[in-house]
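The structure under discussion appears below in the form of structure tokens.
The values are calculated or read from the model by the stated rules, or taken from the named source; none is laboratory data. Please read all numbers here as calculations on a predicted model, not as lab measurements. Every residue, glycine among them, receives a Cβ derived from its backbone with ideal geometry; neighbour counts consider all protein chains shown. For accessibility, only protein heavy atoms count, side chains too; no ligands or nucleic acids. Shrake-Rupley method; radii C 1.70, N 1.55, O 1.52, S 1.80 Å.
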Amino acid sequence: MATVSARQVNIAIIGAGGVGQCFLFQLEQLAARRPSPKLVLTYICTSKKAIYSTDHVAISLGNVSSALAASQQAPLALPKLVDFLGSSGSKTVLVDNTSSQDVANSYPLFLSRGISVVTPNKKAFSGSYKLWQDIFAAAGQSGAKVYHESSVGAGLPVISTLNDLVDTGDEVTKIEGVFSGTMSFLFNSFAPTSGSGGKWSAEVKKAKELGYTEPDPRDDLNGLDVARKLTILARLAGLPVESPTSFPVQSLIPKELESVASGDEFLEKLPAYDAQMEQTKAEAENAGKVVRFVGSIDVATKQVRVGLEQFDLSHPIAALKGSDNIISFYTKRYGSNPLIIQGAGAGGDVTAMGVTSDLLKVLSQIA
């Protein structure tokens, strides 16, 4: 076994895509800036390749991306990875920069072995309620930590704020906001507070070209991404929400286009359905309002919903710009004026920042 410094924390990383690359850059800077505890990368993998050695030798952060691309090693199966990390004799943090359900399902296993977890992976915290309970029970028993700030609103301090409100005894009555950068961009362009905006299908096409949507825009327009984020916040606020499909979620995909073969075919056929969205926009305009795609949690009535709502032009949700997120917390202490968090809710750098910030929280508690 490698010799262990008392002030050493081992880091294992799964996922080296967009967010993963940004995180690696931030981790390298962090390790240089804060020499204690010594942060040692001992395992990194993508879905196909890995770098690690049986005696937990440090992997250089300087050229890790090119070394990973050239590696001939295959990733360890998750149960084997738990054993590998658990055998190092050092405190260890697993950073999961994927959106993999399989990795998420293994969190209780990692945590029960004392391996802390930080991640932007929404699936672990918005899947079945049983997995949620198992994750926090395993952490509670072993003392390992689990943080997932970037699972809602990227680097925006949404989850930490909600936890602080709840933990200090405030009573959260309602949470409301725009939780999707894609939906924010689409509606700010389609139904701006001044001017007329473009045709719905043209705005969706533009958002796709600018990289604001998933490769198949239906993965954004079905509302499930927002529903996952709402599930996480509702659970943190004390509601035992079973899954993201256990409450009303409005899909913006025309019924007839749900089953077309590809995203490209969907975009091709979408203009024929513009009239529906034009009518929705006109109804709001006639009432002096704009339409936005929002999520809301009413804690008292235990109601969670995702879909289109109309807002006065002066409302903070109406006045959002670009692809910003906005989250309003209505609580007993804050009264009729909510605590509002607003800013970029997507993008590699800000998502990785949330992960790095979570890593610092873990280090402050275990090192």
Burial ranking of peptide ranges 156-165, 12-21, 280-289 (average Cβ count within 10 Å, highest at the top): 12-21, 156-165, 280-289
Accessible surface of Asp170 - all protein chains present, 1.4 Å probe, nearest 10 Å²: 20 Å²
Helix-only mean residue ellipticity at 222 nm for the chain, each DSSP H run of n ≥ 4 adding -39500 (n - 2.57), per residue, nearest 500: -11500 deg cm²/dmol
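If you take every DSSP beta bridge whose two residues both sit in the chain, what share of them, in percent to the nearest 5, is antiparallel?
60 percent
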Cα-Cα over 19 Å, subset of Lys289/Lys321; Lys302/Lys332; Lys208/Lys269; Lys206/Lys321; Lys49/Lys80; Lys174/Lys289: Lys174/Lys289
Sum of side-chain charges, Ala344 neighbourhood, beta-carbon under 11 Å (Lys, Arg +1; Asp, Glu -1): -1
Accessible-area ranking of Phe84, Phe110, largest first, probe 1.4 Å: Phe84, Phe110
Carbon plus sulfur fraction of accessible area for the range 42-165, probe 1.4 Å, in percent: 54 percent
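Before I look further, what does the range 13-70 give for accessible area per residue, probe 1.4 Å, in whole square angstrom? Don't jump to the answer; show the numbers that get you there.
Working: 2760 Å² over 58 residues.
That works out to 48 Å² for each residue.
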For the range 125-221: accessible area per residue (Å², 1.4 Å): 38 Å²
In range of the label at Ser296: residues from the range 245-285 whose backbone nitrogen is under 11 Å from the point 7 Å along Cα→Cβ: none
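Using heavy-atom solvent-accessible surface (probe 1.4 Å) with all chains present, what is the largest-first order of Glu258, Glu149?
Solvent-accessible surface, decreasing: Glu258, Glu149.
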Percent RCO, i.e. relative contact order, over the chain, from Cα pairs under 8 Å lying at least 6 residues apart: 20 percent
Inter-part distance where the range 4-71 and the range 329-367 are each reduced to a Cα centre, Å: 24 Å
Accessible area of Glu171 in the full protein assembly, 1.4 Å probe (Å², nearest 10): 100 Å²
Sites Ala70 and Ala137, calculated FRET efficiency, Cβ-Cβ separation with R0 45 Å, nearest 0.05: 0.65
Rounded accessible area of Leu76 (nearest 10 Å², 1.4 Å probe): 40 Å²
Set of the range 315-333 residues, backbone N closer than 16 Å to the point 7 Å along the Cα-Cβ line of Ser194: 315, 318-322
In degrees, nearest ten, helix 129-142 long axis to first principal axis of the chain (Cα): 30 degrees
Three-way shape call for the range 1-80 based on the alpha-carbon gyration tensor, with the a/c threshold at 1.5: oblate
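Can you work out the FRET efficiency for the pair Ala202 and Thr245, with r the C-beta to C-beta distance and R0 = 25 Å, to the nearest 0.05?
0.25
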Gain in span if fully extended, Arg34 to Asp219, counting 0.36 nm per residue against the direct Cα distance: 62.6 nm
